[in-house]
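What follows is a single structure, written as structure tokens, with notes after it.
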Amino acid sequence: MRLKDKKAIVTGAARGIGFEVARRFAEEGAAVIMADIDDNGAESAQKLRSTGLDVSFCRTDVSSNDSVLNLVETAVQLFGDVNILVNNAAINIPGSILELSEEVWDRTYQVNVKSMFLLSRAVVPIMQRSGGGAIVNMGSANSYVAEPRLTAYVSSKGAILMLSKAMALDFAADGIRVNCICPGWVDTTFNDSHADLFGGRDEILKSIHDIHPIGRTIQPVEIANTALFLVSDEASAITGAGILVDGGYTIK
Ligand SMILES: NC(=O)c1ccc[n+]([C@@H]2O[C@H](COP(=O)([O-])OP(=O)(O)OC[C@H]3O[C@@H](n4cnc5c(N)ncnc54)[C@H](O)[C@@H]3O)[C@@H](O)[C@H]2O)c1
């Protein structure tokens, strides 16, 4: 029970990596609010509650300040405190700068980057009052290396790594640690529209050894376990770090 008595918010938790993060945190004793723009998050939370875990769902658009403030207010009413925040929600709309509309560019930055500013801005004062906390921002291997025809996403993930470092600096003295997990190709539907530009997921996975030296994609729970470590006391000296969980993708 590494997160006993901890109160956590996880965004983008209706499915994929965020769902696994919420599950692992709750299994380790945390009370978790699963935030997502997708109403299916209610069903996802119910699924976890039926196994005895302390989770609830709050419909949230992380790009909207009003929605974010409602989420944090809900957390304060339910828990009286927030010790852990995982900024995980993101969108991934492929294209080079000649293929992307201005709307897609703006929406990518609102959902992927501005959301972290809005939510952290609302949560950090609560953490300061209770003597500390831990924030994990979901970056990507694309925080370090680019990929073709993925400009808005790749650049947003680069920004998230540096945002994490800047926040880590500003709040280290308050006992608030901020880290950035940088996954490689994780087995969710997130990359499908980008993969379709290059012959589809199955075609690309034929050369998975070239992409990930470990020879396979990554499972959401492997990212969730990394998040669990980073927000636990076991990582008490780790802040401002970009933690690659990429199957070796960025080695060469
Ligand atoms: N899957 C991968 O290969 C991979 C690789 C590197 C990084 N990541 C990162 O991991 C995170 C999760 O990705 P995933 O693979 O689980 O994707 P996913 O599409 O399965 O889950 C993303 C979740 O975010 C939610 N979401 C989208 N816009 C939102 C908004 N405005 N407000 C609230 N919620 C919103 C979606 O509804 C969805 O539930 C993302 O930050 C992504 O960039 C994923």
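The values are calculated or read from the model by the stated rules, or taken from the named source; none is laboratory data. This is a predicted model, so every value here is computed, not measured. All Cβ positions, even for glycine, are placed from backbone atoms using ideal geometry, and neighbour counts span all protein chains on display. Areas reflect the complete protein model, heavy atoms only, side chains present, ligands, DNA and RNA absent. Shrake-Rupley method; radii C 1.70, N 1.55, O 1.52, S 1.80 Å.
Among the residues examined, V68 does not qualify as open to solvent by less than 30 Å² (accessible area, probe 1.4 Å), modelled with pLDDT of 95 or more and part of a loop (DSSP other than H, G, I, E, B).
All of (1) touching a His at 6+ places or on another chain (Cβ under 9 Å); (2) more than 16 Å from the ligand (Cβ to nearest atom) hold for G247 with one exception: (2). If the condition is being open to solvent by less than 20 Å² (accessible area, probe 1.4 Å) and under 17 Å from K6 (Cβ atoms), then region 206-252 contributes A224, A227, L228, L230, V231, S232, A235. The residues listed here are V124, V82, V68, V72; of these, the one that is touching a Phe, Trp or Tyr at 6+ places or on another chain (Cβ under 7 Å) and farther than 19 Å from C182 by Cα is V124. The residues on offer are A42, A13, A26, and the sole one that is at pLDDT 95 or above and away from the ligand (no atom under 14 Å from the Cβ) is A26.
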